1. Evaluate region 245-257: report whether one residue or more is at pLDDT below 75 and closer than 25 Å to residue 106 by Cβ.
2. Somewhere in region 103-124, is a residue free of Cβ contacts under 8 Å to residues at least 60 places away in the same chain, assigned to a helix (DSSP H, G or I), surrounded by fewer than 16 Cβ atoms within 10 Å (Cβ to Cβ) and out of contact with any strand residue (DSSP E or B) (no Cβ under 7 Å at 6 or more places or on another chain)?
3. Out of region 18-35, which residues are assigned to a helix (DSSP H, G or I), touching a strand residue (DSSP E or B) at 6+ places or on another chain (Cβ under 7 Å) and over 16 Å from residue 72 (Cβ atoms)?
4. Have a look at 229, 203 and point out the one that is surrounded by 19 or more Cβ atoms within 10 Å (Cβ to Cβ), in a helix (DSSP H, G or I) and modelled with pLDDT of 75 or more.
5. Out of the residues in region 178-193 that are under 16 Å from residue 147 (Cβ atoms) and outside any strand (DSSP E or B), state the one that is modelled with the lowest pLDDT.
6. Quick one: which residue in 129, 158, 184, 191 is touching a residue at least 40 places away in the same chain (Cβ under 8 Å), outside the structural domain of residue 235 (by TED's automatic domain parsing) and crowded, with 16+ Cβ neighbours inside 10 Å?
7. Is it the case that some residue within region 66-84 is out of contact with any strand residue (DSSP E or B) (no Cβ under 8 Å at 6 or more places or on another chain) and under 16 Å from residue 17 (Cβ atoms)?
8. In this structure, does residue 116 turn out to be modelled with pLDDT of 85 or more and under 30 Å from residue 99 (Cβ atoms)?
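The values are calculated or read from the model by the stated rules, or taken from the named source; none is laboratory data. Owing to the predicted nature of the structure, the values given are computational and were not obtained by experimental measurement. Quick reminder, even Gly has a Cβ in these numbers, built from the backbone with ideal geometry, and neighbours come from all protein chains shown.
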């Protein structure tokens, strides 16, 4: 098979167009054939970032599948170039192949149009492509505004990049958010009737990590500064430049991903410290012949490490002697 356009099983020239970027040409061909066996795609395989960028500049693709290392650059630099605004199709979905253990570390690198796909799961990529084909976007945004013109402009600016819901009341905002738990909320503080502040307070009460961007009049400096101190992640003075909204939302979501990753790291560090302490205690008691006490510490360490329990024989081998021998 020649490298280049490869039609899937459906054989239709109007199939879902996919750009596959992998320095190993055989990997690309196998992936294209595998996907094409039950997914109507037209695949274009490229072996380097430069080749892929050249193709991306000339043709429209419905999705890009890429390895992390592309031979001449890494995928993250490639994605930044593709999203730079110099290309007509900067919002093309990109699926980055990675291992399960890499996902948490790579999550903060994502933008609104980039997904991580686990290589170990053969169905993960098919599911991701099916979502892209159906137009399902990665992040959801709730727009809470009661000015119809501003609300419409905001929704139109975002709908190509996000799944967008909208409401014009405080009650509707809380109802929609509780049902869908949107990744980001855009909240107008000048809502009629109750205003936007009670909505913000309730959102943050139920989920202190919920990112909310508030819209407010330029003169209300003291108000929005207070709201940011109480939990809003950003504010935008009205009238809002809707052209910049997609990237503002993407920046806030990236920041939230970084915070979530840092929280995970802190938790993991604490868990490792506790685990290390248990192992040291087991070593100390075992050296003094206190095998039962050592077994208790090791069992606690196994539980804290979220590992399956060991059999009695395995415990005996681990301790180096049977529990029935002496010791405290």
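1. Taking region 245-257 and keeping what is at pLDDT below 75, we get 257.
From what is left, the residues that are closer than 25 Å to residue 106 by Cβ are 257.
For region 245-257, residues at pLDDT below 75 and closer than 25 Å to residue 106 by Cβ: present.
2. no
3. Kept after step one, since they are assigned to a helix (DSSP H, G or I), are these residues of region 18-35: 25-35.
Filter again for touching a strand residue (DSSP E or B) at 6+ places or on another chain (Cβ under 7 Å), leaving 25, 28-29, 31-32, 35.
29, 31, 32, 35 - these are the residues of region 18-35 that are assigned to a helix (DSSP H, G or I), touching a strand residue (DSSP E or B) at 6+ places or on another chain (Cβ under 7 Å) and over 16 Å from residue 72 (Cβ atoms).
4. Details: 229 fails: surrounded by 19 or more Cβ atoms within 10 Å (Cβ to Cβ).
After applying the criteria, what remains is 203.
5. So the first thing to find is which residues in region 178-193 are under 16 Å from residue 147 (Cβ atoms), and the list is 186-193.
Still in the running and outside any strand (DSSP E or B): 189-193.
Values: 189: 86, 190: 83, 191: 86, 192: 79, 193: 76.
So the residue we want is 193.
6. On the way: 158 fails: outside the structural domain of residue 235 (by TED's automatic domain parsing); 184 fails: outside the structural domain of residue 235 (by TED's automatic domain parsing); 191 fails: outside the structural domain of residue 235 (by TED's automatic domain parsing).
Residue meeting the stated conditions: 129.
7. So the first thing to find is which residues in region 66-84 are out of contact with any strand residue (DSSP E or B) (no Cβ under 8 Å at 6 or more places or on another chain), and the list is 69, 71-74, 76-77, 80-81, 83-84.
Now drop any that are not under 16 Å from residue 17 (Cβ atoms), which leaves none.
The answer is no, given that none of the residues of region 66-84 is out of contact with any strand residue (DSSP E or B) (no Cβ under 8 Å at 6 or more places or on another chain) and under 16 Å from residue 17 (Cβ atoms).
8. Numbers: modelled with pLDDT of 85 or more: yes; under 30 Å from residue 99 (Cβ atoms): yes.
Yes.
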